[in-house]
Amino acid sequence: MDAAFGYSFPAIRGIQARREYYISMCPLRLIPRIFLFDEEVLPPDQRAQRVLNRARVPEIARYMMRNRDSYAFSALTASVDAEVRFDPMGEYGDAFKIGVLHIPMDARFIINDGQHRRAAIEMALRESPELGDETIAVVFFLDLGLSRCQQMFADLNRHAIRPSTSLGLLYDHRDQMALVAKQVAFQAEAFRDLVEFEKTSLALRSRKLFTLSAIYAATKALVAGRDGMTADDAIAVAVQYWNEVAAHFPEWQMVRDGATTAGNVRGEFIHTHGITLQAIGRAGNSLLSRVPKSWRERLSNLEALDWRRSNSQVWEGRAMIGGRVSKSAQNVILTANLIKGALHLPLSPEEQSAESAFQRSSSSPAREAAP
C-alpha cells in the first residue's frame, strides 16, 4: 500500500466477458480495512449482496483458528468503483499480463462473493493479529454500477452447488465421527459393496442400499454418550453391531449376492432407509449399555417386526408420513421406540413423551408399541 496515493497490489491481468479484471494476493490485515460491509440498512433492491448472516461468522472464524496449519479459503471477489491503473512489467507476452494494480485510497470496494469470509477474517484477527501477514486471493472487477454488481452476485451463485453430505463426509479428515463412519462403511461386512459414498440419496436404479451419510448418522447414534471411547473403539463396536444386525436382514446379503436388486429391497422394505438405520443405531445404544453380554441374542427379536413398507399399520406415523419415508428427528425417535419395544428395552423420558403423544393421536390399536 502506498500511503500517499493509494493501494498497490501485485496482480495478473485477465480478460473476461471482454473486460479486464485482476487477480492479486491481499494481506489479511487489509481485508477488514478496505472491504467494508455497511449495506444492511438498505432495502434488498438497493444492495449488491445478501444481508450478512452473523451466525455463520464465528463458525468460519473458529475453523480458521483451529486449523492454523491447514485452513483454506477460496478467493474473494470484489468490484472496484474507481479509476484504477495497471502497470505491466513489460510490453509483450506474459510480462504484459503481470504487473502492479494501483487503486486510489478513496476507491469503494463491493464484495460480490465472500462477505462471510471477510467478516470471519476480521474476527480471527482480533484474537490472533499475527494472521495479518498471511494472504488471501482477491479477484478485482471494475465496478460498472449497482445493476452490474447485482448481476455478478446472481451469476456467481447461479451454478454454486454444495457437495452432497456423503461426499463431504468422505473427504472430511477433521470430523472424528466422519472418520469412524468411513471405517465402519469400509470394514463392516454388513455394508460391503452396498454403500454410496458420493450421493446423499439413492437413485431408483442404484445398486447400493445405503449412503455414507446414513451410516454416519446411524453410527453416531449408536456410540453417542460413550465418554472416553476412542475412535478405534467406536469403529470396533460399530462393526460388530452392524454385522450382527445384518444377520437378521437376509435381503442385504441377497443384494450383495445378486439374488435381488437394491431397488427392489429399498422399495419393499423399510430397514435400509436412513431413518430406520439411525433408529436401529439409537436402539443399539441402549441395548449395548443395558445388556452388554447378551445384546447379540436380543437382536434376534428384530426378525419379529414386519419391515415391509406396505405395512402402514406399523410404519405410518413412525418411519412414514402419508406413505412416504420421513427423516424428521421425531420420526427417528418414534421408529426407535418400536424397535426398542421389540428388543424389550425401556424408553427414555424423551422417548416416552413422544410415544404418548403418538398414541394419543392414533386410534389404531395395531400401532401399539412395546413399553
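The values are calculated or read from the model by the stated rules, or taken from the named source; none is laboratory data. These figures come from a predicted structure and were not determined experimentally. Neighbour counts run over all protein chains shown; Cβ positions are idealised from the backbone, glycine included.
Annotations for the structure displayed:
- Checking GLY168 against (1) modelled with pLDDT of 85 or more; (2) farther than 30 Å from THR230 by Cβ, the condition it does not meet: (2)
- Annotation for region 60-76: no member residue is more than 24 Å from the chain's Cα centre (by Cα) and modelled with pLDDT of 85 or more.
- Residue within region 114-137 that is at pLDDT 85 or above and under 14 Å from TYR21 (Cβ atoms) present: yes
Residues are listed down the side, and each one gets a yes or a no for (1) assigned by TED's automatic domain parsing to the domain that holds PRO250; (2) outside any helix (DSSP H, G or I); (3) in contact with a Gly (Cβ under 7 Å, 6 or more places away or on another chain):
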site	(1), (2), (3)
LEU302	yes, no, no
ASP306	yes, yes, no
VAL314	yes, no, no
ARG318	yes, yes, no
LYS327	yes, yes, yes
ILE333	yes, no, no
ALA336	yes, no, no
ILE339	yes, no, no
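- Any hit, region 18-26, residues being at positive phi, out of contact with any Asp or Glu (no Cβ under 9 Å at 6 or more places or on another chain) and either modelled with pLDDT of 85 or more or surrounded by 12 or more Cβ atoms within 10 Å (Cβ to Cβ) (or both): yes
- Qualifying residue in region 279-286 (condition: more than 14 Å from ARG298 (Cα to Cα), crowded, with 24+ Cβ neighbours inside 10 Å and among the aliphatic types (A, V, I, L, M)): yes
- Residue match in region 194-215 (condition: among the hydroxyl-bearing types (Ser, Thr, Tyr), within 22 Å of TRP295 (Cβ to Cβ) and surrounded by 16 or more Cβ atoms within 10 Å (Cβ to Cβ)): no
- Within region 103-137, tally of residues that are more than 15 Å from ASP81 (Cβ to Cβ), touching a residue at least 60 places away in the same chain (Cβ under 8 Å) and assigned to a strand (DSSP E or B): 3
- Taken together, the residues in region 166-190 that are closer than 25 Å to MET254 by Cβ and of a type outside the set (D, E, K, R) amount to 8.
- Among the candidates ALA246, ALA224, ALA218, ALA231, the residue that is modelled with pLDDT of 95 or more, surrounded by fewer than 21 Cβ atoms within 10 Å (Cβ to Cβ), of a type in the set (A, V, I, L, M, F, W, C) and outside the structural domain of MET65 (by TED's automatic domain parsing) is uniquely ALA246.
- Evaluation of SER294 against (1) within 31 Å of the chain's Cα centre (by Cα); (2) among the polar types (S, T, N, Q); (3) closer than 30 Å to ALA236 by Cα (one fails), failing number: (1)
- Taking the criterion of being β-branched (Val, Ile, Thr) and either touching a strand residue (DSSP E or B) at 6+ places or on another chain (Cβ under 7 Å) or under 22 Å from PRO349 (Cα atoms) (or both), the residues of region 315-338 that qualify are VAL332, ILE333, THR335.
- Residues (closer than 18 Å to HIS271 by Cα and free of Cβ contacts under 8 Å to residues at least 60 places away in the same chain) located in region 185-203: ALA185, ALA188, GLU189, PHE191, VAL195, GLU196, THR200, SER201, ALA203
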